[in-house]
Every structure is written in structure tokens, then in C-alpha cells.
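Colleague: Mind having a look at this structure? Questions to follow.
The values are calculated or read from the model by the stated rules, or taken from the named source; none is laboratory data. This is a predicted model, so every value here is computed, not measured. Positions of Cβ are generated from backbone atoms using ideal geometry, with glycine treated the same way; all protein chains shown enter the neighbour counts. Areas reflect the complete protein model, heavy atoms only, side chains present, ligands, DNA and RNA absent. Shrake-Rupley method; radii C 1.70, N 1.55, O 1.52, S 1.80 Å.
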Amino acid sequence: MKKYLVIIITALILLPCIAISQENPAASSAPGGADQAPGETDAQSASETEAQQNTLEILKSIVKSKATLKQRLDEKKQAMAETSSETEKQYLSEYIAELDKKLSNAVTDFEMTATGVEIGLFEAKKKEQFDWKNELLSLAEPGIMELKRLTVKARHKSKLNDELAKYQELLPVAIKARTRIESLIRQAKTPALETALKDILPEYKGLERQIKNKVDLVQLKLDEIERQESSLLDSTQDSVKKFFRSRGLYLFLAILTCIGVVLLIKFIYQTLIRLVPGYKLAYRPFHIRLIELMYRGMTLVLTVLAVIAVFYFVEDWVLLSLVIIFILGVIWAVKYTLPMYVDKSRLMLNIGSVREGERMMYRGVPWLVKHINFYSLLENPDLGITLRIPISELLDKTSRNFDPQESWFPCRKNDWVILSDGTRGGVTRLSHETVELVLRGGAKKTYQTPDFLAMTPLNLSVNFRIKEIFGIDYGLQKDATATIPDLLSAFIQKNIEQEGYADDLLNLRVEFAEAGASSLDLVVIADFKGSQAPLYNRLKRSIQRWCVDAASQYNWNIPFPQITVHQEA
């Protein structure tokens, strides 16, 4: 069996390595598109031709807008040179700066529309200083970038839609401003007013043209995105195929490697642990527990390292960075829960507040700690229950040594008990949750275990004592302390034997109890075995009956309470 296990483990470890070594890195970069059909090629060519025509129209509009901006810029510069007012110079300076910015944006839009790429990609970046925190976070950058890449098209399209809506809202405002100025020019009655209005008209015409250019540019980008988008079904099929060709395969290899590492470490552990002294003891010693804890820790560490190694050898930096992000998250979580894990480790090493082989209270019931692990075992011998609980439930508990004679529960199944509320019944079912009693006649009564324990049950099934008071007349005072008790004891003993209770009778005594207000009271003390517990009340009634029969046989008067009335003369 061990031979076959070793073969399986070796295969699970070597299979991913062989698959990795045979992986063709160039396959992922090779073009995988199939030859397109002639009809699809013609449709695509027509679409590209139409897109180019739209691009040329937009470029012409941008060139015209640039010319207008240059003309206005030259006019404002000339006006600034001719004016002598400082306030007007300041206004013209700000206006010229704004025109410069618009002209620069127009140049950028022209280049970006003509090339079809972002111009900022070719700009040189500043050299950054070394920062270990940034370097550490850069390890997780591929995973984050991959997550961003999965949503980049949707986010870019949403941004373009927002821009289009913004420019479409501004365009009617610009048109309204331009038409209003033209209307005022036609209605102007003085040459000075007409000249002033004509001076600002080119500015708003240019503004209108710029907004139209922006609308056309954004719409062109949206059309390009929609043209490049494939159908949802084709895209899903391509994504699934690509996943199983690359990352799906790598994940499968990582899972196989993890299984192989876990089985190998477990096989080594189970083989070597049998050679360590104390392995077969009921309660494991400290060094066995330490070895087991180290085994679990090594299993976790080596499994994570195996996953990292697989992703490293296949050069999938995205999956590797996601693993690193996961590890960083675990470390961050452990930072706040480290004291709890330390306490759990102490419990597993059996040096904590709860230890194996000791007695502890859990949910109001005493338990014997049988085994401590990630899931610990508690046992109650009297209840006949073994409870499995997570180790976290033991963190705030304590245990102690116990005497072998200590009881683990006030009663067991089929015992008869009397509760503080007077209920007497036989225990039919009991657990750490509920206790069920069957009363004489067959009725059943169920208690929550904490409520049952709070009613201090008296267990009759071990042994029990009955004490019954019987009063005689004061006229028998001379014989009440010696003769009558002996006669009554012999009489009761005789009746017990006749009615078949003698085998379960442990002790019988009749003693003088006290001189009452109306009688001299005797007490009958009878101890019985627990087997007579179901007849507890019957025995009480029988003792009273035997006492009355004895009084009748020996002519003892049974007094009754009397009231004496004193009348003044």
C-alpha cells in the first residue's frame, strides 16, 4: 500500500513539472486568428474606408478651428500691444493664455486623430527614486493591472459617453449665444455697437466649432470601439478557450502540485511520527504535539511556495501577483489576530488554560477533555455524549484535575429523581441541551438542562431514605421513648417482609422525635435501595398505613389537634 502511495505522490509532483517544461511560450504570442471569409473581409474593408473618411472630415474641421484660433490669437496680441490700460492688458493676457491652451489642445486632438494613438505614450517619464514600499507593492501590480485591463474598455466607453453627453449639452448653448449675437448685429442702429458685436462674434463661432469638433471626435472614438467589439457569445467563447489554454492550465498544474506536496508531507509525517516515543499514548506528550504543529505549519508554507513556484516557472506574473496580494492580505489579517493564534497554538501544545485529560465546564455541564485540535473532543461519561467543538470555543475556558469519584451529571438514563418543585419522574432522555422525565402514569415532562440543574435534582436511584412522623397520645408518655418505638419497629419490619420489600431494605429505625402540641411524635426512618425508587410515594403511604395498623393492634390512641379555650370567672 505504501509503495502505491509513493508512486501516486511522485506522479502528482512530477506531472506539473513535465507539463511546465513542455509548455510552448511562443504559442501564446502566435497569431491565433483563423482566415476570414471573403464576405467578412469586404465588409470590414468598407467599414474601415468609411471610418477613414470620417477621420478626414474631422481633421479638416480641426485644421479650420486651428486657423480660427491663430487668427483670434494674433488679433488679441495686437490689441494688447495697442492698448495702454493696465486692466485691459490683464484681461487680454488671461484671454491669450486661454487661447494658447485651446490651440495646444487642438494640435493634440489633430495628432491623436491622425495617428489613432495617445500622444502621451511617447513622452519621457521622470526617473523615480527607490522606495521599498513602492517596490513591494509593484510585485502586486501585474494582478491589479490585469483586473483593470478586464474593465478598461467598459470604463473608457463610459467615460466617452459622459464626455459626449457633456458636449451635447454645451452645443445648444453655444449655438444660442452665436445666433443671439448675429440677431443683435442685424438690429444694431449705430456703427459702434455693430462693430463691437462683430468683434466678439468670431470668438463664439470658434467656440461653437470647437464643441462640434469635440462631439465628432468623441463620437468617432465610440464608433471605433463599437466597431472593434465582437459579439458577446464570440467574446465569451474566445475568453474561455484562452483561459483553458493558458491560465486554466496553470491553475490546474498548481492544484496538482499542491495535492502532491500535501500528500508527500503527510506520508513523511505519518512514517516518521511512529518512530517517536510516546506516539501511541492516550494523551499525547508535548514533543508529539510540537511535531504535529510544525507539520501543519510546514504543510501550509510549502503548499504556498509550490503555488508560487508553478506560476514563476510558467512566467504568469498576473497569477503570481494575485497570490502575493492574497499572502499580503493574510499577513495583514494575522497582524490583528496574532494573539488569538498564539493562544490556539498553546492549546494545541497542551500548555494552555484547557488541557487534555482534565475536567472543564461548557454550557453549564462538566466535560472531560479527550482531545484538543482544530476540532476538539469533549466527553461526558454520565450523559454518554461526545461533543466536537472548534478550538476557538476553548479560548476563554479553564480546566482542572478531578477526583475519579466525582460525578459528571446528577443522574443517568432510567434514574428516578425528585426536583425542587416536587416533580418526581424517571429520566428517559438526557443531554447537555434537554432532560426528559416520565412521570407515574406515563406523562412526560421536558426541561432545558440549565433549568433542570437549577432545580437541584435528588437522585433516588442510588439509595434513598424515607422519614415519616407518627403521633401518639400523651397518655402513653411512660412508654413513648423506648417500648413503643421497639414495638412499632418490629411491626413495620414484619409487614415489610410480608409485602416483599425486605430484600431492598437497608436500614429501619423508629425513634422518639419530639413532644408536640397535641401528641408525642415518633419518626420512622427507612433506607431503601435505588431499585425501589419508582415506588417512593407508595412506600411513604405504606409506612403510614403500618403505623396506623400498629396503633390499632396495640390500642394506642392517635390524638388530633385540639383548641383549649380559657374563660375568666
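Colleague: Which of the residues spanning segment 66-93 are open to solvent by less than 60 Å² (accessible area, probe 1.4 Å) and in contact with a Ser or Thr (Cβ under 8 Å, 6 or more places away or on another chain)?
Modeller: 92
Colleague: Please pick out the residue among 471, 426 that is surrounded by 14 or more Cβ atoms within 10 Å (Cβ to Cβ), in contact with an Asp or Glu (Cβ under 6 Å, 6 or more places away or on another chain) and outside any loop (DSSP other than H, G, I, E, B).
Modeller: 471
Colleague: Mind checking whether some residue in segment 308-315 is in contact (Cβ under 8 Å) with a residue 24 or more places away in the chain and open to solvent by 60 Å² or more (accessible area, probe 1.4 Å)?
Modeller: Within segment 308-315, one or more residues are in contact (Cβ under 8 Å) with a residue 24 or more places away in the chain and open to solvent by 60 Å² or more (accessible area, probe 1.4 Å).
Colleague: Follow-up. Restricting attention to segment 440-452, and to residues there that are in contact with a Gly (Cβ under 9 Å, 6 or more places away or on another chain) and open to solvent by 30 Å² or more (accessible area, probe 1.4 Å), which single residue is nearest to residue 383 (Cα to Cα)?
Modeller: So the residue we want is 450.
Colleague: State yes or no: is residue 399 among the small types (Gly, Ala, Ser), out of contact with any Leu (no Cβ under 7 Å at 6 or more places or on another chain), under 30 Å from residue 444 (Cα atoms) and at pLDDT 90 or above?
Modeller: The answer is no for residue 399.
Colleague: Then there is this: Report, ordered by the first and then the second residue, all pairs with beta carbons closer than 8 Å, sequence separation of six or more or different chains, a first member in segment 535-554 that is closer than 17 Å to residue 441 by Cβ and assigned to a helix (DSSP H, G or I), and a second member that is open to solvent by less than 70 Å² (accessible area, probe 1.4 Å) and hydrophobic (A, V, I, L, M, F, W, C).
Modeller: 536/416; 536/418; 536/460; 536/464; 536/466
Colleague: Also, I was wondering about something else. So residue 538 passes all but one of these: (1) in contact with a helix residue (DSSP H, G or I) (Cβ under 8 Å, 6 or more places away or on another chain); (2) modelled with pLDDT of 90 or more; (3) loosely packed, with under 15 Cβ neighbours inside 10 Å. Which condition number does it fail?
Modeller: Condition not satisfied by residue 538: (1).
Colleague: Report yes if residue 437 is under 29 Å from the mean Cα position of the chain (by Cα) and either buried (at least 16 other Cβ atoms within 10 Å of the Cβ) or part of a strand (DSSP E or B) (or both), otherwise no.
Modeller: no
Colleague: Within segment 508-519, take every residue that is closer than 17 Å to residue 467 by Cβ and not β-branched (Val, Ile, Thr) and give me the one that is farthest from the chain's Cα centre (by Cα).
Modeller: 519
Colleague: Another one. Of the residues 308, 288, which single one is over 27 Å from residue 255 (Cβ atoms) and either assigned to a helix (DSSP H, G or I) or not aromatic (Phe, Trp, Tyr) (or both)?
Modeller: 288 is the lone residue from the list that is over 27 Å from residue 255 (Cβ atoms) and either assigned to a helix (DSSP H, G or I) or not aromatic (Phe, Trp, Tyr) (or both).
Colleague: Name every residue in segment 495-507 that is surrounded by 12 or more Cβ atoms within 10 Å (Cβ to Cβ) and either of a type in the set (Gly, Ala, Ser) or within 60 Å of the chain's Cα centre (by Cα) (or both), in order of residue number.
Modeller: 502, 504, listed by residue number.
Colleague: For segment 474-494, give me each residue that is open to solvent by 20 Å² or more (accessible area, probe 1.4 Å), within 21 Å of residue 539 (Cα to Cα) and touching a Phe, Trp or Tyr at 6+ places or on another chain (Cβ under 8 Å).
Modeller: Within segment 474-494, 487, 491 qualify.
Colleague: Can you confirm whether segment 372-385 contains a residue that is open to solvent by 50 Å² or more (accessible area, probe 1.4 Å) and touching a residue at least 40 places away in the same chain (Cβ under 8 Å)?
Modeller: Checking segment 372-385: not a single residue is open to solvent by 50 Å² or more (accessible area, probe 1.4 Å) and touching a residue at least 40 places away in the same chain (Cβ under 8 Å).
Colleague: Evaluate the following for residue 269: is it of a type in the set (Ser, Thr, Tyr), assigned to a helix (DSSP H, G or I), without any contact (Cβ under 8 Å) to a residue 60 or more places away in the chain and in contact with a Ser or Thr (Cβ under 9 Å, 6 or more places away or on another chain)?
Modeller: Yes, satisfied.
Colleague: What are the residues in segment 161-178 that are of a type in the set (Val, Ile, Thr) and open to solvent by 60 Å² or more (accessible area, probe 1.4 Å), if any?
Modeller: Selection gives 173 alone.
Colleague: Hey, another quick one. Residue under question is residue 96, and the condition is that it be among the aliphatic types (A, V, I, L, M), open to solvent by less than 100 Å² (accessible area, probe 1.4 Å) and modelled with pLDDT under 75; does it hold?
Modeller: Criteria not met by residue 96.
Colleague: Tell me which residues, restricted to segment 469-483, are among the hydrophobic types (A, V, I, L, M, F, W, C) and within 16 Å of residue 544 (Cβ to Cβ).
Modeller: Within segment 469-483, 469, 470, 472 meet the criteria.
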